[in-house]
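The next block holds one structure in the form of structure tokens; read it before the comments.
The values are calculated or read from the model by the stated rules, or taken from the named source; none is laboratory data. Model, not experiment: these values are computed from the prediction. Cβ: placed from backbone, ideal geometry, glycine included. Neighbour counts: every protein chain shown. Please note that ligands, DNA and RNA were not included when accessible areas were found on the heavy atoms of the full protein model with its side chains. Shrake-Rupley method; radii C 1.70, N 1.55, O 1.52, S 1.80 Å.
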Amino acid sequence: MSSEIEVEDLNPILDAIDAAEEIPDPLDGLVEKSAEDPGAAFTPEVLDRLVALKAEDRASFEALRARLKKAGCRVTALDEAMAEESGDGGRGPTQADILIDLAGAVDLFHSADGTALADILINEHRETWPVRTKGFRRWLARQFYEQTGGAPSSEALQSALNVIEAKAHFDGPERPVFIRVGDLDGRLYLDLGDEAWRAVEIDTTGWRVIDEPPVRFRRAAGMQPLAVPAPGGSIEALRSFLNVQSDQDFVLVVAWALAVLRNKGPYPALVLSGEQGSAKSTFSAILRSLLDPNTAPLRALPREDRDLFIAASNGHVLAFDNVSGLPAWISDTLCRLATGGGFAVRQLYTDQDEVLFDAARPVILNGIEDIVTRPDLADRAVFLTLEPIPEERRRPEAELWSAFEAERARLLGVLLDAVVEGLKRLRHTHLPRLPRMADFALWASACETAIWPAGTFWSAYCGNRDEAVEGVIDADPVAAAARAVMLERTEWTGTASDLLGALGEAAGERIAKSKTWPDSPRALSGRLRRAATFLRKIGIEVSFEREGRARTRVIRITAAGAESVPERGGAQPSGPSAPSAPRPKSVPDNGFGAPDPRTVANDADGRVSGPVDSARANPLKLKDETVADGADANRAAHSEPDKIAGTSWRARL
């Protein structure tokens, strides 16, 4: 009897449970209902259920919210209705608020130009990303997904980035940010570009790979990792991959590479010329791969300043391939890029804001013709002429790159050894006289003793500058005409109009009527001012004066003598070069071509008593070699300028 009563008493409870289970969930089919009725989500039952879901399972709520937005529901109004329903008296944390909170875990700072950056800890190593780049946006979106299980809207992400950028600018410290090469407290740091964000630390005691460099590096799109440097390499191994024809050219290439491994300029432009089949592009690509690898190592010449500015902002070395000619504007821009100068371009979608860039970058230019014809850029360049490679000496590209990859780590290591030597000796290094690129010359001279005897670079660099003078004057019709006018006289004085007529007669009718010839006396004065530096190096002095009471402007051109003093060291210039010795057809060292032996005359006073057919060999001696010929044994160090013997000399006016 009692058991029957108990069962009867339980029936109402079971009926109530069954009735409760039959109550539908207000969220079932809500997305479909909202597509038909945008107000379906604003009923009290649905709002209560959404508030509970948001508190219990934020990821599920964010996913449902995103689906409701796609269905046409006004999610902003829905958030406000939920806040009122929950009795909070205001809106809950939005997606932008969550993103800003997530960014609070990173170290925000800004650079000197006001760019906002963030140090992010990823896989137990530090990475540095500008706030406005895709790298930081991806990281922030990933953090939002891990916390909420959903994706932030574009509006929320943009709003959060604005706040994060402001916090980095006003609340964060200012720190320098580098690309590939940086410095701190007398040490250099080379970004390896690997996934662990390691760097090479270089000081006067040596170099080492470190996991957490104290300086910040920025990674741009296209940057590839360097080879991890290894000891035990030889600089001569690099020569087998480059089509260089003389020891002097190879010295200049190594000096340019050592300049690239420094964090500040000036950097001379490396200009390669030669006919088809002389491996100009391969030459450029190998240097770029050794010092600053990139997915696009060689590029076409930019069409405007903005493109060049973007390339300089995102890479340490700029290499331009197959250049046919340099317009005046880009020649001037490359001058600023070589010695360091500011760029300012208007920021897109603004009227007053500018994007600024103030730095120097190493540049490689290659082309078939002599592409550098303006004296200001030629004075900042190193010129190499590559000889064509005979067909029997060519190597398959795959074989060449495979051999280079095998040596790349050791080649970088031997260059870093020279950088260590440069840091030791830079403050004690002096030159006979300072050229236009004085800091580059001092740095190369300080580093060279780790590779070859002191004074080797200075001799090669002065010879290269002398040859550049001849090439630029020959390419400039005004300078060539001025040289021709002064062949039979020692002084010329007159107005710019008079000089324009005199130079026109010397140049000839065809050149005087060409587009490259100045069309007015004022234009002629400008061209002469630009060519005055190189004319002075061959003994022709150009001065602009005023005479008489009327203060008439006159141009005075004087010739210093029949011969000029070359830039290379020595108390007196040598005589003209004798005929060159026959050139061999191949070089067994690198398999590219044959060197061109330098010739010397027999008189030291500049006069030649008779024909000379002898050629003096001048092989490049490494530092560790003990056997040297008479010229190398007597070569003085860079601190003794009067004893440096030139390897060649060309007679000039």
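Evaluated at 25 °C with a viscosity of 0.890 mPa s, what Stokes-Einstein diffusion coefficient in µm²/s does region 242-345 have when Rh comes from the Kirkwood expression over alpha-carbon pairs?
Working: Rh = 14.7 Å.
In µm²/s, the coefficient rounds to 167.
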Please work out whether region 358-485 counts as rounded, prolate or oblate from its C-alpha gyration tensor, where a ≥ b ≥ c are the square roots of the eigenvalues and a/c under 1.5 means rounded, while otherwise a/b larger than b/c means prolate and anything else oblate?
-> oblate
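Can you pull a Stokes-Einstein diffusion coefficient for region 184-231 at 4 °C (1.567 mPa s), Rh from Kirkwood over Cα pairs, as a whole number of µm²/s?
Numbers: Rh = 11.3 Å.
Rounded to a whole number, D works out at 114 µm²/s.
On a 22 Å Cα-Cα criterion, which of the cross-link pairs Lys33/Lys54; Lys264/Lys424; Lys264/Lys537 come out too long? Mind dumping the intermediate values first?
On the way: Lys33/Lys54 20 Å; Lys264/Lys424 17 Å; Lys264/Lys537 28 Å.
Beyond 22 Å between Cα atoms: Lys264/Lys537.
Checking a compactness column here: for region 83-220, what do you get for Rg(Cα) / (2.2 N^0.38 Å), N being the number of residues? Spell out each step's value before the answer.
Values: Rg = 18.1 Å, N = 138, 2.2 N^0.38 = 14.3 Å.
Working it through for region 83-220, the quotient is 1.26.
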Only bridges with both residues in region 281-404 count here: give the DSSP antiparallel percent, nearest 5.
-> 60
At 1.4 Å probe size, with no ligands or nucleic acids counted, give the accessible surface of Trp401 in Å², nearest ten.
-> 60
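Could you grab the Rg to Rh ratio for region 196-276? Cα atoms only, Kirkwood for Rh.
On the way: Rg = 15.8 Å, Rh = 15.8 Å.
On the Cα set of region 196-276, Rg over Rh gives 1.00.
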Could you state how much accessible area Asp307 has, in square angstrom rounded to the nearest 10, with a 1.4 Å probe and all protein chains kept in place?
-> 70
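So for region 107-165, Kirkwood radius off the Cα pairs, Stokes-Einstein at 25 °C and 0.890 mPa s: how many µm² s⁻¹?
Reported coefficient: 202 µm²/s.
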Report Arg336's accessible area, 1.4 Å probe, all protein chains in place, as a number in Å² to the nearest 10.
-> 90
Accessible area, 1.4 Å probe, largest first: how do Glu354, Glu85 sort?
-> Glu354, Glu85
Suppose every K and R has +1 on its Cβ and every D and E has -1 on its Cβ; what is the size of the dipole of region 357-478 about the Cα centre, in Debye to the nearest 20?
-> 700
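Calculate, in nm to one decimal, what Arg530 and Arg74 gain on full extension: separation in residues at 0.36 nm each, minus their alpha carbon distance. Could the numbers behind the result be given before it?
Details: separation 456, 0.36 × 456 = 164.16 nm, distance 6.77 nm.
Extending this stretch completely gives an extra 157.4 nm.
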If you find the alpha carbon centre of region 220-273 and of region 384-407, how far apart are they in angstrom?
-> 16
Heavy atoms only, probe 1.4 angstrom, no DNA, RNA or ligands counted: give me Arg262, Arg67 ranked by accessible area, highest first.
-> Arg67, Arg262
Skip the ligands, DNA and RNA, and give the accessible area per residue of region 330-479 with a 1.4 Å probe, whole Å².
-> 42
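What is the magnitude of the charge dipole of region 35-146 about its Cα centre, with +1 placed on the Cβ of each Lys and Arg, -1 on the Cβ of each Asp and Glu, and no other charges, expressed in debye to the nearest 20?
With only Lys, Arg, Asp and Glu charged at Cβ, the dipole is about 580 debye.
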Taking every Cα atom in region 172-318, find the radius of gyration and the maximum pairwise distance Dmax, and write them in Å.
-> 16.3, 54
Efficiency of FRET from Cβ geometry, Ala52 and Asp203, R₀ 45 Å, rounded to 0.05 | 0.10
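Using the Cα centre as the reference, give the magnitude of the dipole from point charges on the C-beta atoms of region 448-535 (Lys, Arg: +1; Asp, Glu: -1; all else neutral), rounded to the nearest 20 debye. Numbers along the way, then the final one.
Values: 10 positive and 12 negative charges, 76 e Å.
It comes to approximately 360 debye.
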Potential extension, Ser514-Asp305 segment - 0.36 nm per residue separation minus Cα distance | 72.4 nm
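Leaving out ligands and nucleic acids, and using a 1.4 Å probe, what accessible area per residue does region 251-299 come to in Å²? List each step's numbers first, then the result.
Numbers: 1070 Å² over 49 residues.
Value for region 251-299: 22 Å² per residue.
For region 91-132, just say rounded, prolate or oblate: build the C-alpha gyration tensor, square-root its eigenvalues into a ≥ b ≥ c, call rounded for a/c under 1.5, and beyond that prolate if a/b exceeds b/c, oblate if not. Working shown, then result.
Numbers: a/c = 3.37, a/b = 1.46, b/c = 2.31.
Since a/c reaches 1.5 but b/c is at least a/b, the shape of region 91-132 is classed as oblate.
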